[in-house]
Amino acid sequence: SQELEQSPQSLIVQEGKNLTINCTSSKTLYGLYWYKQKYGEGLIFLMMLQKGGEEKSHEKITAKLDEKKQQSSLHITASQPSHAGIYLCGAVPKTSYDKVIFGPGTSLSVIP
Amino acid sequence: DGGITQSPKYLFRKEGQNVTLSCEQNLNHDAMYWYRQDPGQGLRLIYYSQIVNDFQKGDIAEGYSVSREKKESFPLTVTSAQKNPTAFYLCASSKDGWGTSGIYNEQFFGPGTRLTVL
């Protein structure tokens, strides 16, 4: 079955440090989404990537989708406590185009 | 402000009881979704609806039921047949299921309902 894997599972960084979260699919995707979730709350949409090699940035967060459209990375520059939360990737696999599947999430803690 | 609301935020249920979780959106979105989130796992799709009066089962529909009588509302009933209902439930909506180019529009999520079975 189609699955999305995320790494690392959890991450603790000191404020000001850079970090990267990865999302990997075993199959080619139509598109990939990044969301952020505070514990016990809903998901906040961050970015959507559709084309192989595409890169998008919002404030200090940059996301890239590889050329094969199977792997994405989310990079945070100069992390702040406000970046703490759970980051989830979601994707539409070409094998089941009518629904989104989600990765298990990466828990990020930022120490002041 | 446009958005998605879910109620209640916390819900407690005795075994054998059915409960209904509310989800309302004023974004004029056609598609709505229900997900279940368990600790350490990603979101799993329970049901989704692309249009009023129509809905489809997701990956874990057993023990759940939905209705879509109005565009704005997509309530989820957790029945007594659901063996392990304790979880965090998230409702989402999107402009439509997928665009003409095959691109799936991003989903907007409600704040969630935490259901605990006593």
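The values are calculated or read from the model by the stated rules, or taken from the named source; none is laboratory data. Computed from a predicted structure; not experimentally measured. FYI the Cβ positions are ideal-geometry reconstructions off the backbone, even for glycines, and counts take in every protein chain you see. Side chains included, ligands, DNA and RNA excluded: accessible areas come from the protein's heavy atoms. Shrake-Rupley method; radii C 1.70, N 1.55, O 1.52, S 1.80 Å.
Name the residue, out of A:SER57, A:SER10, that is exposed (fewer than 14 other Cβ atoms within 10 Å of the Cβ) and in contact with a Ser or Thr (Cβ under 6 Å, 6 or more places away or on another chain).
Going through A:SER57, A:SER10 in turn, just one is exposed (fewer than 14 other Cβ atoms within 10 Å of the Cβ) and in contact with a Ser or Thr (Cβ under 6 Å, 6 or more places away or on another chain): A:SER10.
For the stretch B:69-93: of the residues being closer than 13 Å to B:LEU115 by Cα and among the aromatic types (Phe, Trp, Tyr), which is surrounded by the fewest Cβ atoms within 10 Å (Cβ to Cβ)?
Of everything passing the filter in the stretch B:69-93, B:PHE88 is surrounded by the fewest Cβ atoms within 10 Å (Cβ to Cβ).
Starting from the stretch A:33-59, keep only residues that are of a type in the set (Lys, Arg), then list their pairs with residues that are outside any loop (DSSP other than H, G, I, E, B) and open to solvent by 80 Å² or more (accessible area, probe 1.4 Å) whose Cβ atoms are within a distance under 7 Å, requiring at least 6 positions of separation or different chains.
Short answer, once both residue conditions are applied: A:LYS36/A:ILE44.
State whether one or more residues within the stretch A:42-54 are over 14 Å from the mean Cα position of the chain (by Cα), within 18 Å of B:ARG44 (Cβ to Cβ), within 13 Å of chain B (Cβ to nearest Cβ) and surrounded by 14 or more Cβ atoms within 10 Å (Cβ to Cβ).
yes
Return only the number of the condition from (1) open to solvent by 40 Å² or more (accessible area, probe 1.4 Å); (2) in a strand (DSSP E or B); (3) under 21 Å from A:ASP66 (Cβ atoms) that A:LYS27 does not satisfy.
Here A:LYS27 clears every test but (2).
Name the single residue that is least open to solvent (accessible area, probe 1.4 Å) among those in the stretch A:63-112 being among the hydroxyl-bearing types (Ser, Thr, Tyr) and farther than 27 Å from B:TYR35 by Cα.
This residue is A:SER79.
Being in a strand (DSSP E or B), modelled with pLDDT of 90 or more and within 13 Å of chain A (Cβ to nearest Cβ): is that true of B:LEU27 here? Explain how you work it out, then say what you get.
Working: in a strand (DSSP E or B): no; modelled with pLDDT of 90 or more: yes; within 13 Å of chain A (Cβ to nearest Cβ): yes.
So B:LEU27 does not fit the description; no.
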